[in-house]
Structure formats: structure tokens, C-alpha cells
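Peer 1: Right, I'll just put the structure down here and ask away after.
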Amino acid sequence: MGLMSYIGKQFHKPTGFGGRLATFVMNRQNWRQYAGTEAVLALGVADSVLDIGFGNGYMLHRLASRYNCRFYGIDISPDMLEAATKRNKKYIEAGRMSLSLGSAEQTGLADESIKKVYSVNTVYFWSSLDAGLTEIWRILRPDGVFVNTVYSKAMLDGLPVTKSGYAKYEIDELLAAGARNGFSVKAMSIVEGRSYCIVCKKI
Ligand SMILES: C[S@@+](CC[C@H](N)C(=O)[O-])C[C@H]1O[C@@H](n2cnc3c(N)ncnc32)[C@H](O)[C@@H]1O
């Protein structure tokens with residue numbers, strides 16, 4: 001396996017030392033996306049919040065340190081579950097956070113149990129947009145919102161590590177998928193042309 005393919009795989013399912021390194025680097029490179037996602041989420045104290053694909057749990061830790069919400073997280077990687085659990089130990093022990101293995105397509109959460117769902121840079125790895133959005137619709141409360149934070153196809157096309165294993169979507173494709181799954185949708189730019197929050201409101 002070539003180096004670029006190996007790094008690409010570590011973003012898809014971080015594992016072992018390579019996974020820890022990839023997520024460490026990603027935490028530094030993606031600070032604008034984390035800040036943009038936090039602003040769009042506009043969390044309130046009573047919110048129940050789910051992070052889909054939490055990686056090493058950096059964003060969950062950031063939000064839990066600032067907002068008194070009930071947090072949930074799911075990820076497909078056992079190694080990331082371990083890393084995120086370690087990072088967020090105090091919130092888990094306080095009963096404010098629950099982390100588990102799961103996927104965007106199968107979260108394991110109850111119907112209409114979550115007020116706000118977010119996901120940063122995971123949609124490229126879902127089996128399909130419709131499978132993930134159907135599941136997110138199911139678990140969201142009637143007034144719930146899903147903030148899907150992504151890099152644009154043009155930006156990802158310029159990276160050597162995304163040559164294979166990445167579903168790269170135009171912003172219009174993400175908006176159309178949200179709309180056909182019943183959401184009211186809008187795109188909010190983080191860095192014009194490069195990164196966006198796709199906001200899907202359950203109506
Ligand atoms: C590029 S990393 C992003 C991690 C984190 N969201 C962040 O921005 O720091 C992608 C993460 O999504 C997870 N993932 C991949 N496919 C997934 C899926 N279908 N459902 C949920 N998580 C998934 C990976 O295990 C990995 O932790």
C-alpha cells in the first residue's frame with residue numbers, strides 16, 4: 001500500500017499509531033471547521049447532542065467544556081472509541097456523555113431522542129447519503145437539526161490522500177440529498193469554495 005493510500009485510510013477508520021497521528025494532525029488543520037460547526041450549532045443547556053464520527057473526541061471535549069448539554073457520540077473505529085473515552089473521561093463519569101461504536105447509518109439511538117446532530121468530515125465514508133440521512137431523521141426530535149461539516153469536492157480533489165476511498169460531493173448534491181430526505185436545507189460557508197456547514201433542519 002502506498003503512503004498516500006495509507007494516510008487516506010487513517011482518515012476513514014483511524015487505527016493504531018497511524019490513526020492517533022492522523023487525528024492529531026486533523027485537530028490542528030480543521031480548527032476553522034470546528035469553530036464554524038460550534039457557531040452554527042448554537043448549543044443551549046437543554047440540548048441533547050450527537051457527534052457522528054467523533055475521531056479522537058476533540059470536538060466533543062471542546063463542546064462539553066463550554067456547554068452544559070447531554071452529549072452522545074458514535075464512531076466505527078474501536079481505537080477512536082478508546083481515545084475519545086480517555087479524553088472525555090470526566091464528562092463520561094459525570095453522566096454527561098455516552099460514547100459507543102456505531103455508524104451514521106446505524107447509530108443505535110432511539111427514535112426522536114436527539115436535538116442536535118453534527119458530523120465533521122465523515123460523510124465521504126458513509127455507505128450512502130440517503131442511508132445516513134434516513135437514520136439521522138429517525139433519531140432527531142421534530143425540531144432537530146443536523147450540521148454536516150464538509151470540505152468541498154474541489155478542495156478534496158486537490159489532496160493526494162483522497163484519490164481512493166472517498167465519496168466527494170458537490171455542495172449542491174449534499175443540499176439535494178437533505179431536501180429529498182425531508183429536511184429544510186442551507187449551506188453556510190466556513191471558507192468560501194473550500195469548506196461548508198450543510199444545515200439540515202427537520203421540518
Ligand atoms: C476524518 S475523521 C474525522 C474525525 C472527527 N470528526 C474530527 O473532525 O476530528 C473521520 C471519522 O469518522 C469515522 N467514520 C468513518 N465512517 C463512518 C461512518 N459510516 N459512521 C460514523 N463514523 C464514521 C472514522 O472512524 C473517523 O473517526
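Peer 1: If you check every pair at least six apart or on different chains, which have Cβ atoms under 8 Å apart with a residue in the range 152-166 that is charged (D, E, K, R) first and a residue that is modelled with pLDDT under 90 second?
Peer 2: Lys163/Met4; Lys163/Ser5; Lys163/Gly8
Peer 1: What pairs can you find where one residue is in the range 1-22 and aliphatic (A, V, I, L, M) and more than 10 Å from the ligand (Cβ to nearest atom), the other is modelled with pLDDT of 85 or more and outside any helix (DSSP H, G or I), and their Cβ atoms are less than 7 Å apart, with a gap of 6+ or different chains?
Peer 2: Within 7 Å, the pairs are Met4/Lys163.
Peer 1: Restricting attention to the range 76-108, which residues are in contact with a Lys or Arg (Cβ under 9 Å, 6 or more places away or on another chain), in a strand (DSSP E or B) and not hydrophobic (A, V, I, L, M, F, W, C)?
Peer 2: Ser98, the sole residue that qualifies.
Peer 1: Name the residues in the range 41-94 that are of a type in the set (D, E, K, R) and within 15 Å of the ligand (Cβ to nearest atom), would you?
Peer 2: Asp51, Arg62, Asp75, Asp79, Glu82, Lys86, Arg87
Peer 1: Is there any pair linking a residue in the range 116-127 that is on the phi > 0 side of the Ramachandran plot to one that is open to solvent by less than 10 Å² (accessible area, probe 1.4 Å) and among the hydroxyl-bearing types (Ser, Thr, Tyr), with Cβ under 9 Å and at least six apart or on different chains, and which?
Peer 2: Asn121/Thr149
Peer 1: So, in the range 13-66, of the ones that are open to solvent by 60 Å² or more (accessible area, probe 1.4 Å) and closer than 25 Å to Asp111 by Cβ, which residue ends up nearest to the chain's Cα centre (by Cα)?
Peer 2: Ala42
Peer 1: Moving on. Among the helices (runs of 4 or more DSSP H) lying completely within the range 111-203, list those that include at least 2 residues that are open to solvent by less than 20 Å² (accessible area, probe 1.4 Å).
Peer 2: Once the helices (runs of 4 or more DSSP H) in the range 111-203 are filtered for at least 2 residues that are open to solvent by less than 20 Å² (accessible area, probe 1.4 Å), what remains is 129-139, 171-180.
Peer 1: Output the residue which, of all residues in the range 78-91 that are closer than 18 Å to Leu109 by Cβ and of a type outside the set (A, V, I, L, M, F, W, C), is surrounded by the fewest Cβ atoms within 10 Å (Cβ to Cβ).
Peer 2: Thr85
Peer 1: Might you check whether a residue that is more than 19 Å from Lys202 (Cβ to Cβ), of a type in the set (S, T, N, Q) and assigned to a helix (DSSP H, G or I) occurs anywhere in the range 53-75?
Peer 2: No - not one qualifying residue is present in the range 53-75.
Peer 1: Mind listing just one residue for me: the one in the range 95-110 that is of a type in the set (A, V, I, L, M) and within 12 Å of the ligand (Cβ to nearest atom) and, of those, most open to solvent (accessible area, probe 1.4 Å)? Please lay out each step first, then the result.
Peer 2: From the range 95-110, those of a type in the set (A, V, I, L, M) are 97, 99, 101, 104, 109-110; that's our starting set.
Subsequent filtering for residues that are within 12 Å of the ligand (Cβ to nearest atom) retains 99, 101, 104.
Details: Leu99: 34, Leu101: 93, Ala104: 6 Å².
Out of the qualifying residues, it is Leu101.
The values are calculated or read from the model by the stated rules, or taken from the named source; none is laboratory data. A quick note: this is a predicted structure, and the numbers were derived from the prediction, not measured. Don't worry about glycine lacking a Cβ; one is built from the backbone with ideal geometry, like all the others, and counts go over all protein chains shown. The area values use the complete protein model at the heavy-atom level, side chains included, leaving out ligands, DNA and RNA. Shrake-Rupley method; radii C 1.70, N 1.55, O 1.52, S 1.80 Å.
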